[in-house]
1. Just to be sure, is F199 within 24 Å of G89 (Cα to Cα) and either aromatic (F, W, Y) or not assigned by TED's automatic domain parsing to the domain that holds Y107 (or both)?
2. Among the listed residues L176, L128, L168, which satisfies the condition of being assigned by TED's automatic domain parsing to the domain that holds N248, touching a helix residue (DSSP H, G or I) at 6+ places or on another chain (Cβ under 7 Å) and touching a residue at least 40 places away in the same chain (Cβ under 8 Å)?
3. What is the one condition in (1) farther than 18 Å from G80 by Cβ; (2) hydrophobic (A, V, I, L, M, F, W, C); (3) touching a Pro at 6+ places or on another chain (Cβ under 7 Å) that V209 does not satisfy?
4. Could you check the range 154-265 for helices (runs of 4 or more DSSP H) lying wholly inside it with 2 or more residues that are touching a strand residue (DSSP E or B) at 6+ places or on another chain (Cβ under 8 Å)?
5. Here is a check on your reading of the model: is R5 of a type outside the set (A, V, I, L, M, F, W, C) and either modelled with pLDDT of 80 or more or under 26 Å from K162 (Cα atoms) (or both)?
6. From (1) closer than 20 Å to I75 by Cβ; (2) exposed (fewer than 15 other Cβ atoms within 10 Å of the Cβ), pick out the condition that doesn't hold for H213.
7. So S206 passes all but one of these: (1) buried (at least 16 other Cβ atoms within 10 Å of the Cβ); (2) modelled with pLDDT of 95 or more. Which condition number does it fail?
8. Out of the residues in the range 55-95 that are under 25 Å from T155 (Cβ atoms), more than 20 Å from the chain's Cα centre (by Cα) and not small (G, A, S), state the one that is surrounded by the fewest Cβ atoms within 10 Å (Cβ to Cβ).
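The values are calculated or read from the model by the stated rules, or taken from the named source; none is laboratory data. Small disclaimer: the values here were computed from a predicted structure and weren't measured. Cβ placement follows ideal geometry from the backbone for every residue including glycine, while neighbour counts extend to all protein chains displayed.
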Amino acid sequence: MQKLRRFGLSILSLFLLLIAMLYFLQEKLIFLPSELPMDYEYSFTHNFEELFLEGTDNAKLNALHFKQENPKGLILYFHGNAGDLSRWGHIASSFVQLHYDVIVMDYRTYGKSTGKLSESALYEDAQLFYDYALDFYEEDSIVVYGRSLGSGIATNLASNNKPKKLILETPFYSLLDEAQNRFPFLPVKHVLKYKMTSFEYIQNVSAPVRIFHGTLDNVVSYESGKKLYIAISSEDKKMYTIKNGNHNNLIEFETFREGIKEELE
């Protein structure tokens, strides 16, 4: 009986330790930023302007604004959870070839951006850049684009504004749902600080919604993207299923490339 009691206490201690680790280390699990020195010079093939916007808490938020003559509109791009603008600038600039201007920002702690991370701060920062964009573009020419982690930010933003379109690449139903799937034995709902309930936000999006997701995505499952698609209340929605596509290679598939071209005509 004594051994059984000690075993039970050991299991309980381990369980509590896992909960504590999830609570205190969750930002390191969700966000994988890389930093850049403030004097780092970006280099891209398309014309761009580097800019900084200041958050309400004095955070400095770094972004790139790709510009061209007579653009079709603007893509406000929210990137994934790893890297910085030295990488994401190349990916975002590919939309310039489709005759769009592009603004892509680095989240707090990414690249040259500063400030304390929180879910509410991410949403506020996104709105800050949307408002910045409205100084230069008509709202009905702005396409909000979110990839992976950025899909939650983009969906929240679109739910509070009236952009031309919302495009989501490899999106999740909610970050809470993803965490519960990965840690089903832990009380994730009570310890996760970043829930990003996209399925709730998307019900308030009035713009057309387009989703691109690969069937072999091993980071955010295809089923998660499908659940999000089903949650869309608007009839103006479409999901592009990329057969055999995974999380990071959709650009290699013609279905994706042609779908993006179609949606950005």
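1. Working: within 24 Å of G89 (Cα to Cα): no; either aromatic (F, W, Y) or not assigned by TED's automatic domain parsing to the domain that holds Y107 (or both): yes.
So F199 fails the test.
2. Being assigned by TED's automatic domain parsing to the domain that holds N248, touching a helix residue (DSSP H, G or I) at 6+ places or on another chain (Cβ under 7 Å) and touching a residue at least 40 places away in the same chain (Cβ under 8 Å) holds for just one of L176, L128, L168, which is L168.
3. All conditions are met except number (3).
4. Counting at least 2 such residues, we get 222-231, 254-263.
5. no
6. (2)
7. (1)
8. Within the range 55-95, the first condition is being under 25 Å from T155 (Cβ atoms), and the residues that meet it are 55-57, 59, 61-66, 71-85, 87-95.
Next, from what is left, pick out any that are more than 20 Å from the chain's Cα centre (by Cα): 56-57, 71-73.
Adding the requirement that they be not small (G, A, S) leaves 56-57, 71-72.
Details: T56: 10, D57: 12, P71: 18, K72: 16.
Out of the qualifying residues, it is T56.
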